[in-house]
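Everything below concerns the one structure shown next.
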Amino acid sequence: MAIQWFPGHMNKARKDVSERLKDIDVVIEMLDARLPASSANPMLARMAKGKPRLMLLNKQDLADPAVTEQWLAWYRAKKQTEALGMDAGERAPAQRLIAACRALAPNRGGLEKPLRVLICGIPNVGKSTLINSMSSRKIAKTGNMPGVTKNEQRIILADDFELYDTPGMLWPKIEVEEGGYNLAASGAVGRNAMDEEEVALELLKYLLVHYRAELAARYKLDEEELDGAQDWQALERIGKRRGAVLSGGRINMQKAAEIVLTDFRDGQTGRITLERPEEWAKWEKRAKEIAAQRAAEREAREQEKASRKGSR
Ligand code: G4P
């Protein structure tokens with residue numbers, strides 16, 4: 001099962017964002033540092049093409065620091081793009097953020113040409129936490145402000161620096177299957193849209209390769225025994241260790257899955273990142289190949305249908 005979310009009001013959000021983008025100088029995209037590429041909005045990337053971008057890898061306190069460095073370098077190598085690692089523990093994030101945006105749009109600034117910045121991010125990525133920490137002074141709740149749509153916030157971070165916060169814009173289809181699982185593991189996907197056991201198994205599959213020591217330490221398992229173990233075997237062992245056992249001694253896999261997911265989300269399993277740039281490139285390539293194959297199959301079916309109709 002591939003993970004999907006059910007974005008409500010998607011078209012409305014898309015329209016609001018594209019309207020706002022017209023007079024935006026820099027787009028900030030907040031990403032989850034544990035899954036930077038999976039949490040990036042491909043639709044936003046297309047809509048904001050040509051605009052300078054600042055990628056904020058938030059929740060870096062939960063992510064693997066060495067892999068965060070890889071991602072920062074990967075983003076910085078892109079055109080007109082800056083990337084910063086961040087977390088809610090930073091006491092005055094506004095300064096760093098403003099400086100990075102100013103460097104991306106050096107021709108803007110001063111009261112005549114205020115720098116206008118849009119901030120986007122998937123739900124739960126930490127956008128409100130960041131905005132609240134930066135804007136103790138002036139949050140302009142809008143609705144009564146010309147040129148600002150309802151539900152949008154304009155935050156004045158400096159006299160010539162305006163930050164626009166438009167409510168979440170999700171994208172219609174999660175194209176990379178691994179990305180769907182990573183979003184689900186992080187808690188970004190509603191519980192109803194996923195099978196927790198399946199998501200936990202995918203998570204364990206990754207952890208068994210990249211974070212076996214952390215897994216063993218968290219659940220007091222023997223690291224050597226985990227070497228070569230299947231994801232379901234690891235889940236069983238964790239369930240047993242944590243007393244997730246049904247009558248008759250069977251392991252309660254659902255309960256065990258919940259434990260694994262909660263621990264990961266809370267950072268209890270350690271500082272973990274679920275994707276590396278080179279892995280993501282491979283996953284994305286495969287997803288594109290599968291999509292192209294499906295499109296070709298669809299096309300062939302359509303043609304066959306049309307030719308059957310024609311021969312009647
Ligand atoms: P959003 O506006 O993007 O939807 O996210 P929000 O700021 O509400 O943050 C979502 C959760 O993530 C909050 O946890 C918040 O405390 C946590 N969070 C935000 N930034 C960071 C960070 O840099 N590091 C860590 N570790 N956590 C961060 P919460 O209020 O406990 O909500 P929840 O966990 O019950 O969803």
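The values are calculated or read from the model by the stated rules, or taken from the named source; none is laboratory data. For clarity, every value in this text was computed on a predicted model and none was experimentally measured. Cβ sites come from the backbone with ideal geometry, for glycine too, and all protein chains shown count toward neighbours.
Some notes on this structure:
- Complete set of residues in region 183-228 that are crowded, with 18+ Cβ neighbours inside 10 Å and assigned to a loop (DSSP other than H, G, I, E, B): Ala188, Val189, Met194, Tyr211, Tyr219, Leu221
- Residue check, Met1 over 20 Å from Glu82 (Cβ atoms), surrounded by 15 or more Cβ atoms within 10 Å (Cβ to Cβ) and at pLDDT below 95: no
A quick yes/no check of all residues on (1) in a loop (DSSP other than H, G, I, E, B); (2) surrounded by fewer than 22 Cβ atoms within 10 Å (Cβ to Cβ); (3) not assigned by the TED database to the domain that holds Leu201:
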| position | (1), (2), (3) |
| --- | --- |
| Val17 | no, no, yes |
| Asp23 | yes, yes, yes |
| Glu29 | no, no, yes |
| Arg34 | yes, no, yes |
| Arg46 | no, yes, yes |
| Lys49 | yes, yes, yes |
| Met55 | no, no, yes |
| Ala63 | yes, no, yes |
| Trp71 | no, no, yes |
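- Figure legend. Inter-residue proximity from region 125-136: first residues assigned by the TED database to the domain that holds Gln95, second residues among the basic types (Lys, Arg) and near the ligand (Cβ under 8 Å from one of its atoms), beta-carbon distance below 8 Å, spacing 6+ or different chains. Indicated pairs: Val125/Lys59; Gly126/Lys59.
- Test: Arg250 is more than 25 Å from Gln4 (Cα to Cα), surrounded by 15 or more Cβ atoms within 10 Å (Cβ to Cβ) and more than 19 Å from the chain's Cα centre (by Cα): no
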